[in-house]
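Everything on this sheet refers to the single structure shown next.
The values are calculated or read from the model by the stated rules, or taken from the named source; none is laboratory data. What you see is a predicted model; the values in this text were computed from it and never measured. For neighbour counting, all protein chains shown are included, and Cβ atoms are generated from backbone atoms with ideal geometry for every residue, glycine included. Just so you know, the surface numbers come from the protein's heavy atoms only, side chains and all, with ligands and any DNA or RNA stripped out. Shrake-Rupley method; radii C 1.70, N 1.55, O 1.52, S 1.80 Å.
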Amino acid sequence: MENSRHLYAALKAKDARFDGRFFVGIKTTGIYCRPICRARQPLEKNCSFYATAAEAEQAGYRPCLLCRPELAPGTSKTDAAAHLAFRAAKLLEENCGGGQHLEELAGRLGCTDRHLRRVFVREYHVPPVQYLQTCRLLLAKNLLTDTDLSVLDVAMASGFGSLRRFNDVFKKQYQLSPTALRKQAPTEKRQGSGITLALGYRPPYRWEEVLGFLAARAIAGIELVQDGEYRRTAHFTNAENIHFYGWVGVSHLPQKNALAVRVSESLLPVLPQVLARVKHLFDLCCEPCVIHETLSVMNEIRPGLCVLGTRLPGSFDPFEMTVRAVLGQQITVKAARTLAFRMAEAFGKPVQTAVEGLTHVFPCPEDILRLEGPIENHLGPLGVTAARAKTIFALAQMISRGELDFDLPAEPQEEMKKLMTVRGIGSWTAQYIAMRTMAWPDAFLETDAGVKKALAAYPQKELLKMAEAWRPWKSYAMIHLWNTL
């Protein structure tokens, strides 16, 4: 990487703002670290700097057992010079547990595998296959360090397909066996049901604020905020169309700048997907200092309006969030939550969990499409208007056919255009869906009742003009405004 002098200065300062943005290989030890590592400071002449963990591993370095590179937070969309490469990297991370080929990945991204490989190498300095292998190795290292799963279960959950292949790759890359690494990296493993992993973030992180936002919108039977932990049911489908049901719990580890993620063992086959959804829901790739540099001008409107460390809550289930956005049109958050609960109870699948109070998964598009007769006959008795029932049905059709896609390859602006072709979806709903399901950072809902209330001193016609100064982080500005209410 360029500017090695500046990167070494960040390493000396243990500056958390650079965590995940670069890694340092130490020639004298053969390991690579995060810039926040508390190990003895290496000499500058012994340091090499790399943009990704995969690049450091390709150069022959092993991950540090102290700072654990697998816990480093990811990067945000605006940091990627090549947006295509960024989207490909996120897809590789989410699907590292499966056997997706590069040709399939390129197809999802709308390009050839040759073009994707060329762009990816230019951005990340390693080919996609090397990046994928590093994702699998770091996930395996996380599981070996933080859980009591058998080595075989770790191998399968990490996407290696067989114990023999896992051992061969691990020994070749790290010069020790998985069992030996587990012995060298003692840790306090959390007791209780399920397995627990850590996911890092860049501080500060306003955890109580995010938890309060989710608690106010929690759907009974599906979500629960209790004892400082967010808990919910989960439903995933793998590449072979096998369904997996379980639960997830997320709590805060402020002393480690990380979130603790508890996952039921029933979700192990889709663990990378689960972790990707948690990262999205809790906005773990956010760079708070970068966003604050732009939005701090909000404090000229009102002191304390913009607070460093505020996150943009995402979604765990895109269809669930889309339905909730439609149900929430022109009614209170509490009323929308009640309607969503009725839908889940009536049409969601009952599940057994180890968490009291979690009883159902939210219906998927196919559950809605299987209902016979006019959709308003099914949703109407629950209190959903006929117009909104038809909108929900239309959305279920489009998502089921693949005409709408809120997953990682999605381009929010394109999907918003598609959303607004659906009868009953206007600018407010389309932008809200993009903001929550696709992490669109630049949405601004000038007609939103909360925004009007927070900026009551300003005429509505001035709001859009005012918001131009908040680009490209207008979605975060929305959260700041809502948090004042």
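Report yes if residue 32 is modelled with pLDDT of 90 or more and assigned to a helix (DSSP H, G or I), otherwise no.
On the way: modelled with pLDDT of 90 or more: yes; assigned to a helix (DSSP H, G or I): no.
Here the answer is no, as residue 32 does not meet what is asked.
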> Looking at segment 225-271, which of its residues are in contact with a helix residue (DSSP H, G or I) (Cβ under 9 Å, 6 or more places away or on another chain), among the acidic types (Asp, Glu) and loosely packed, with under 15 Cβ neighbours inside 10 Å?
Replying inline: none
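Working carefully through the options 393, 341, 347, find the one that is more than 23 Å from the chain's Cα centre (by Cα), of a type in the set (Phe, Trp, Tyr), open to solvent by 60 Å² or more (accessible area, probe 1.4 Å) and more than 25 Å from residue 109 (Cβ to Cβ). It would help to see each step written out before you state the result.
Working: 393 fails: open to solvent by 60 Å² or more (accessible area, probe 1.4 Å); 347 fails: open to solvent by 60 Å² or more (accessible area, probe 1.4 Å).
341 is the lone residue from the list that is more than 23 Å from the chain's Cα centre (by Cα), of a type in the set (Phe, Trp, Tyr), open to solvent by 60 Å² or more (accessible area, probe 1.4 Å) and more than 25 Å from residue 109 (Cβ to Cβ).
Does segment 296-320 hold any residues that are part of a helix (DSSP H, G or I) and either more than 27 Å from the chain's Cα centre (by Cα) or closer than 25 Å to residue 470 by Cα (or both), and which are they?
Pass one, segment 296-320, residues part of a helix (DSSP H, G or I): 296-300, 318-320.
Result: 296, 297, 298, 299, 300.
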> Which of the residues that make up segment 9-30 are open to solvent by less than 40 Å² (accessible area, probe 1.4 Å) and in contact with a Cys (Cβ under 6 Å, 6 or more places away or on another chain)?
Replying inline: 24
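Output yes when any residue across segment 38-49 is surrounded by 21 or more Cβ atoms within 10 Å (Cβ to Cβ) and farther than 19 Å from residue 123 by Cβ, and no when none is. Quick ask: steps written out before the conclusion?
In the first step, residues of segment 38-49 are kept if they are surrounded by 21 or more Cβ atoms within 10 Å (Cβ to Cβ); the result is 49.
Still in the running and farther than 19 Å from residue 123 by Cβ: none.
There is no residue in segment 38-49 that is surrounded by 21 or more Cβ atoms within 10 Å (Cβ to Cβ) and farther than 19 Å from residue 123 by Cβ.
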>> Given (1) modelled with pLDDT under 95; (2) surrounded by 23 or more Cβ atoms within 10 Å (Cβ to Cβ); (3) of a type outside the set (Asp, Glu), identify the lone condition not met by residue 129.
In response: (2)
> Which pairs have Cβ atoms under 8 Å, sit 6 or more apart or on different chains, and link a residue in segment 388-399 that is within 17 Å of residue 377 (Cβ to Cβ) to one that is among the aromatic types (Phe, Trp, Tyr) and part of a helix (DSSP H, G or I)?
Replying inline: 396/319
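Please count how many residues of segment 79-98 are open to solvent by 60 Å² or more (accessible area, probe 1.4 Å) and assigned to a loop (DSSP other than H, G, I, E, B).
Of the residues in segment 79-98, 1 are open to solvent by 60 Å² or more (accessible area, probe 1.4 Å) and assigned to a loop (DSSP other than H, G, I, E, B).
Here are 233, 147: which of them is within 30 Å of residue 365 (Cβ to Cβ) and in contact (Cβ under 8 Å) with a residue 24 or more places away in the chain? Steps first, answer last, please.
On the way: 147 fails: within 30 Å of residue 365 (Cβ to Cβ).
Of the residues listed, the single one that is within 30 Å of residue 365 (Cβ to Cβ) and in contact (Cβ under 8 Å) with a residue 24 or more places away in the chain is 233.
Looking only at residues in segment 420-435 that are of a type outside the set (Val, Ile, Thr) and assigned to a loop (DSSP other than H, G, I, E, B), which one is farthest from residue 286 (Cα to Cα)?
Taking segment 420-435 and keeping what is of a type outside the set (Val, Ile, Thr), we get 420, 423-424, 426-428, 430-432, 434-435.
Now narrow it down to the ones that are assigned to a loop (DSSP other than H, G, I, E, B): 420, 423-424, 426.
Working: 420: 28, 423: 34, 424: 32, 426: 28 Å.
Among those residues, the one meeting the criterion is 423.
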> Which condition breaks for residue 108 when tested against (1) open to solvent by less than 10 Å² (accessible area, probe 1.4 Å); (2) part of a helix (DSSP H, G or I)?
Replying inline: (1)
> Hey, residue 356 hits all of (1) at pLDDT below 95; (2) in contact with a Phe, Trp or Tyr (Cβ under 9 Å, 6 or more places away or on another chain) but one; which does it fall short on?
Replying inline: (2)
>> Considering only segment 59-75, I want to know if a residue exists there that is open to solvent by 30 Å² or more (accessible area, probe 1.4 Å) and either assigned to a helix (DSSP H, G or I) or touching a Pro at 6+ places or on another chain (Cβ under 7 Å) (or both).
In response: no
>> Test of understanding: among 420, 398, 435, which residue is in contact with a helix residue (DSSP H, G or I) (Cβ under 6 Å, 6 or more places away or on another chain), at pLDDT 95 or above and either basic (Lys, Arg) or over 26 Å from residue 92 (Cβ atoms) (or both)?
In response: 420
